[in-house]
Structures are given as C-alpha cells and as structure tokens.
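All remarks here apply to the structure that follows.
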There are 2 protein chains.
Amino acid sequence: MPITNEEIATRLDAASASYSSTFDKDHLALPPAKKYLVLTCMDARIDPARAFGIELGDAHVIRNAGASSKDALRSIVISQQLLATEAIVIVKHTGCGMLTFQNEDAYEVVEKNLGAEARKELEEKKLDFLPFPELKQAVQDDVKFLRGTKLVKDEIPVSGWVYEVETGKTVRVV
Amino acid sequence: MPITNEEIATRLDAASASYSSTFDKDHLALPPAKKYLVLTCMDARIDPARAFGIELGDAHVIRNAGASSKDALRSIVISQQLLATEAIVIVKHTGCGMLTFQNEDAYEVVEKNLGAEARKELEEKKLDFLPFPELKQAVQDDVKFLRGTKLVKDEIPVSGWVYEVETGKTVRVV
C-alpha cells in the first residue's frame, strides 16, 4: 500500500517529536569523528547504522542506486578533501535492483512512462544508470575505479563488502 | 582519532555478527513497501531511519553531500521508474558543510592536496560540487529542480524539510 504525502508528513512529524525528545547529540562536530565514509545502496532493506555498526557522528554515509562510486565521486571528494575522511568502505548487496536491467531497458521504461520528451532529456544529459551484471565483480570494479582516479589519494584504504539482505550479514570481498 | 582500516573491518564484522544474530527481515521485497524515497545529506550526524521514522523495507534512502536532488537524479529516476516509488522527501540540515565553501575553494583545495593532475581531472569532468549559500532557499531550489525535470512525473508529491543537528528535530519547509 503506497503511503500518501500526508501520511509521510505525519510519520515524519511523529518521528521528529520522539527522536528529539531524547536527543543528546548536539555536541557532535561537522567532520566525522572516526574519519571514514561508507558508500552503500539506497535499497530500502539496508539500515547502515545498525547493520554496519556506525555510531552517530562517526562516518559519512553516501547512498545511491547500486552504491556506485562513480556516481558518488562528487560526495567522496568533498568528504575527503573538505571534511578529512581517510578511509572508504563500499557495501553493495545481494538482490540489488542494479543487477536486473540494462541502460536501454531503463531508457525504454522512461519513454513509456514519461514520454518522448523525458527520453530526450535522458539522452541530452547522457544519463548512465550504471547497472552491473555481477555483484562481486561490481564491488571490485568500484574499488578499481577509486584507485584509478587522481581525486582519491593512493594512501586512502578502500575496502569492498557485500551485505546479504537474506541474512543481515555483511561479508568482505576486497 | 581516525579509525584504521583494520578497526573499520573489526567493527563491521562485529556489527554484522550482532545484527544478523537477531535478523528476521529476510522476507522484505526489493521495491520499497511504502513507495517513497528520502533524499538526505551524507552528514555523519544524521540517522535517517531513527530521525525520520523510516522502517526497514519501507523507503529508498539516497544520501549525498548536501542532499542535492540534481546529483541524485540518476537514483531518483531508478527509484521511481523501475521500483515504483511515488513520493519524494528532501531533508537538508542545519550546519551543512555545503554552506561553507564555493566551487573554486574546493578546486583549490583539491589542487593543493592532490596536485595539478587532480585539478585537471576535476576540470575535465566539469565536476560541480553544488554548494549552496542559504539553507531554506536550497531546499526550495531542489524542489523546484525536481518539478522542472521531465524525469519526475508532475503528480509525484515532493516535500522539503530541514533536520536540526542541534535539536534532533525535522521541520517542514515546503
């Protein structure tokens, strides 16, 4: 059952009232205390704080479709160069939507749902949806991409992991 | 004190063991059950699930530097067109790093820290860090951006909020 906009607002207001009533983390600084960043997928089944053991204030958390490091490059550079993070953790996951389609499929769905003008906008923006056919290979490719760009220092450790939506476990790949 | 790569791995392994030991959410489907998506900042001081009341499996969570909808467009289109979300919630926050610099500052820091080659890579990629000078205006601009693109259906409700890192409260702006 999709939630209505009103229900979203009600839920958010209630969460805000409850969360702020016991909130005692007003002393946290802007730069992450533990100086690392976690890049993971936007998937609804992932709770990075609980699943990956991230305490509030400790790490940047970047999330996009597929935990793509290419798509996250802007945020990664800001995190490292302006807010002094010194390690990168990539966590992709089993059952990821990015394993299920190719760019042309997405272009066709957009055209069908949103019309020819929307497809034209995709083409003008040269939007690459960055799907991948194999999970562990995609983790390795992302680590390689970050090792290949001059925008990430060679000394920055980058590790790659897979979260299992079936078990709640996170397993290291690279 | 920055965390070492080994400490990150130890922490993640421990979180994985603990989280998976009581994990009972293996039945959740790939598309978000409540069919909405939340876009917020990568800031270490934000715990979207707790602060915004998002139950596991209910919503996509996209995070980048500044909760930029322009930067998140690829993920938003995937969320809506391939995984059927029907509402967008943008949450920016007080004390955001994006309020503290301009593109040219970031380009200079990159050149100073990473060298002329890195700056050249930024220029070749035409990387826009998308900083903003005023918080509420930035929320409004992001809503406007999503209303302006043909890649988001006119009927999709988009609301804009500000999370207060000082109080733990989330307040609606638009």
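The set of residues from the range B:1-15 being in a loop (DSSP other than H, G, I, E, B) and surrounded by fewer than 13 Cβ atoms within 10 Å (Cβ to Cβ) comprises just one member, B:1. Taking (1) more than 8 Å from chain B (Cβ to nearest Cβ); (2) not in a helix (DSSP H, G or I) in turn, residue A:104 satisfies each apart from (2).
Do you know which residues across the range B:16-45 are of a type in the set (A, V, I, L, M, F, W, C), surrounded by 19 or more Cβ atoms within 10 Å (Cβ to Cβ) and within 8 Å of another protein chain (Cβ to nearest Cβ)?
Those that are of a type in the set (A, V, I, L, M, F, W, C), surrounded by 19 or more Cβ atoms within 10 Å (Cβ to Cβ) and within 8 Å of another protein chain (Cβ to nearest Cβ): B:37, B:42, B:44.
Taking the stated definitions as given, is residue A:110 over 29 Å from residue B:23 (Cβ atoms) and surrounded by 21 or more Cβ atoms within 10 Å (Cβ to Cβ)? Criteria met by residue A:110. In the range B:147-174, the qualifying residues are those that are of a type in the set (Gly, Ala, Ser) and touching a residue at least 60 places away in the same chain (Cβ under 8 Å), and the one that is surrounded by the fewest Cβ atoms within 10 Å (Cβ to Cβ) is B:159.
This table checks each residue for (1) among the basic types (Lys, Arg); (2) crowded, with 21+ Cβ neighbours inside 10 Å; (3) within 23 Å of residue B:83 (Cβ to Cβ).
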residue: A:64; (1), (2), (3): no, yes, yes
residue: A:80; (1), (2), (3): no, yes, no
residue: A:91; (1), (2), (3): no, yes, yes
residue: A:95; (1), (2), (3): no, no, yes
residue: A:119; (1), (2), (3): yes, no, yes
residue: A:122; (1), (2), (3): no, yes, yes
residue: A:133; (1), (2), (3): no, no, yes
residue: A:137; (1), (2), (3): no, no, yes
residue: A:145; (1), (2), (3): no, no, no
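What do you reckon, is residue A:49 facing chain B (nearest Cβ under 8 Å) and more than 25 Å from residue B:16 (Cβ to Cβ)? Can you show your working first?
Working: facing chain B (nearest Cβ under 8 Å): yes; more than 25 Å from residue B:16 (Cβ to Cβ): no.
In short, no.
The criterion of being outside any helix (DSSP H, G or I), more than 19 Å from residue B:43 (Cα to Cα) and in contact with a helix residue (DSSP H, G or I) (Cβ under 8 Å, 6 or more places away or on another chain) holds for residue B:127.
Since every read-out is calculated from the coordinates, none of them should be taken as a lab result. Remember, it's a predicted structure, so these values are computed and weren't measured experimentally. Reconstructed Cβ throughout: ideal geometry from the backbone, glycine too, with neighbour counts over all protein chains shown.
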